[in-house]
Structures are given as structure tokens and as C-alpha cells.
Amino acid sequence: MADEPPKTPVTPEEAAETGTLISRISLRQKGGGLIVPVLTAVLAFLIGGAVVGATGHDPLSTYRDIFNGAGLNWFFHPMTDTALTAPYNLSQTLLQTTSLILTGLAVAFAFRCGLFNIGGQGQYFVGLFVANWIGTSWVGMASGPHIVIAIFAAAFAGALWAAIAGFLKATVGAHEVISTIMLNWIAIWIGSYLFGDGGPLQNSQNSALPISNDVVPGAQLPVFWGDQVLQGLHIGFFIALAALVVFWLILNRTTMGYEVRAVGFNPEAAAYGGISVKKNLIRAMAISGAFAGLAGGLDMLGYAYRIGVSDIPASAVGFLGIAVALLGRNTAVGVGIGAFLFGALLFGTTHGLQSGSIDPQLAGNLTYIIQGLIVLFVGADILILYIWNSRKKLRRKEATT
């Protein structure tokens, strides 16, 4: 009897069953559900608290100050006046969350195609630069079209920037981690040139300042909570929430999403099933870059309004998106929750510890300590699942004896 041809995988999950060890591990990770992210966050905060305690400070007081500094106490006493501390702090936390949702999606979408997009920071920057260029130009344009064009141009710039890495991966096999890291540096130096001394986008008022012009009022995003001058919460927050829905719809309700997931689980099986692996690698990176570029555009038009050479190396929102995506297990809901957690940490550690409950130098790095621990633990989530399952088996064994 002749050998039967191999069965074509019907779903990405079936493709994973015939694929690599990593893809099979990915399936097993789903069994962790909410256990791994919750345990990961709890362990990271416990160890972060131990670090705080080692410096001679009270971890509980520190985390309470972070909680209040992020405005999370607003949920116990809701109010709308952002002149008060809690509403203002919460609005600033949600501003951080807006950016982190989009940079988290930039990492998550690529990961679902088997790619590790380290270039969210560079893609964020090019979106920021393009939004500044358009936002400071075309002064006489009506506000609506001006904003829409700037937003779409920022997302398109991020998509093109990320597509370079996808193209290199698809054509010559260049690893996306290396190429996206290099593209990050190229974006940084492009920004230094654009806004530096004599740069084409340097401000026109003072040639001694390496900073851009301000985005014209007609291109600034409307604020729906707070004061425009005091960095209120802009409508980009709803755009970020809509991006979560778009992310889910693309991956779960479209043919393109099916192909992206199939390639991510097993490129060989996907190719056997008639899916173009090269096309999906480029497409997945482009969509990822669009999310990050959109984040840069919203930040520029929503509250930054200008950028200086010294601001560029200080930004890390694209890198923080990696931790957001990993903690959120590359899902829409998970990314949204992870972005809110890190947004609260970012603003809470900056503004919640001014009472002196912790060394300011440590306070500024506490977010990065927790971020690093989360990345470490997510990378070891198979071990966490093993320990958890072993614990359940031990309980069953004790119950039978």
C-alpha cells in the first residue's frame, strides 16, 4: 500500500502539533490561562518589594504611594475635576497606557507570526517624527483633515520602517532581532539630525535650541478629560482601545489573521498548505510597525507637541511594550491589562514617591526592575507551569493516601 500524503493542517493549532518544539510549547502555555501572568506579576512585585526592603524602606508604604500616585485611588472616590490629585494622576496614567497598548500590540502581532519585534522603539520614533513634521506644517488646513492625515502618516511611516526588517527576513533570512535593533539606532540618529543644530525640522525661532517647532493647535488631538495645557487625556485613548479590537479581529476573524497565526506556529506546514510565508512575514512586521508608529503619532499630537534631541534617548516606551506583550501573552485583553499595569507603574513611581518614602534614585528604576523580572519570569513560564502542575499532582496524591 502506497504511503498516504501528509495531512494538511486545518488550523494553526494543528500546524503547531506537527511543528517545532517552540510551537508545541506555545500550545502548552495556553493551559496556563491566567495563572502564569498573575503569578508572574505577583512574583515580580514581591521581589521588587524585597529590593525596596533591602534599602531600609517599607515595601507596603512604597506600593501604596505608587498606587495613589498612579491615581488608582480614584476608583474608590470617583470625581471628574482633574484639578484634584487623584483624577489628574489617573488621567496621566491613562496617557501612558495609551502609548503602551500600541507598542505592546506592535510586539504581540509580530510574535503571533513567529517574529520577535525588538524595533518598536524605532517604529515609534519614525511615527513621532512624521507626526511632528505634518503637525507643524500646513498651518492653514482644517483641523479634522490635518489630524487624520498626521495620524495615518505616522502609522504608515512605522509600517514602512518595520517592513524593512520583514523584507530582510523574508528575502535573505536576516534575523529580525538584529535588524530591528539596528533600525532603532538608525531612527535615533535620524531624529538627532532632523532636530539638531541646522537640522531640517529644527525650530525656526531659536537656532541655538536643538528642538522642533510646536504642533499647531489645529493638529492637536482634542482633550476629553482635563486641560489641554496641563496634558489632559486626549481622544487617542479611544483610538488605542479600538486598536485592541482591530488586533483581535484581524487575528481571529480574517483570512490574513489565520495565515499569520499558521506561519507563526509552523512555517513549513503553512507553506505546504499553500500559504506564502514570505508575504506574511513582511505583512506581519508592517502591521506591527503601524501600531508603534501610531503610538508615536498620538503622543506627538496628543500631549508632547514638540521633541528635542535630548528627549530621544530618554524615551523607552517601545521597549516597555515588549514586557507589556509578554505579560499579556500576546492577546488583546492581556495587552490592555498589561499596558494599564505598566502605565500605572511609570506614572506612579514618578509622582507617587515624592513624599520621600523611598530613595528617588531607586524609585526611578523600580519600574525597570519589575519590567525585567516580568520578562525573566515570562521566559520561564514553562517552569512555573511545571511547578504549578506538580503542586496539583502532589495534592491529589496526598488525597488518595
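The values are calculated or read from the model by the stated rules, or taken from the named source; none is laboratory data. Only a predicted model underlies this, so the values are computations on that prediction, with no experimental measurement involved. Glycine gets a Cβ as well: all are built from the backbone with ideal geometry, and neighbour counts include every protein chain shown. With ligands, DNA and RNA removed, areas are computed over all heavy atoms of the protein, side chains included. Shrake-Rupley method; radii C 1.70, N 1.55, O 1.52, S 1.80 Å.
Please state, as a whole number in µm²/s, the translational diffusion coefficient that the Stokes-Einstein equation yields for segment 217-325 at 25 °C and 0.890 mPa s, with Rh defined as the Kirkwood radius across alpha carbon pairs. Once the numbers are plugged in, D ends up at 150 µm²/s. Per-residue extension of 0.36 nm, minus the Cα-Cα distance of A316 and R253, leaves a gain of 19.4 nm for this segment. Taking the protein heavy atoms of segment 94-138 in the context of the full set of protein chains, the accessible area attributed to carbon and sulfur is 66 percent at 1.4 Å.
Annotation: peptides 59-70, 141-152, 258-269, ranked by per-residue average of other Cβ atoms within 10 Å with the highest first, follow the order 258-269, 59-70, 141-152. Taking amide H as placed 1.01 Å from N in the peptide plane, W225 has its amide H under 5 Å from the amide H of L233, each at least 5 places away in sequence or on another chain.
Note on segment 37-109: Kirkwood radius taken over Cα pairs, Stokes-Einstein applied at 25 °C and 0.890 mPa s, translational D equal to 173 µm² s⁻¹.
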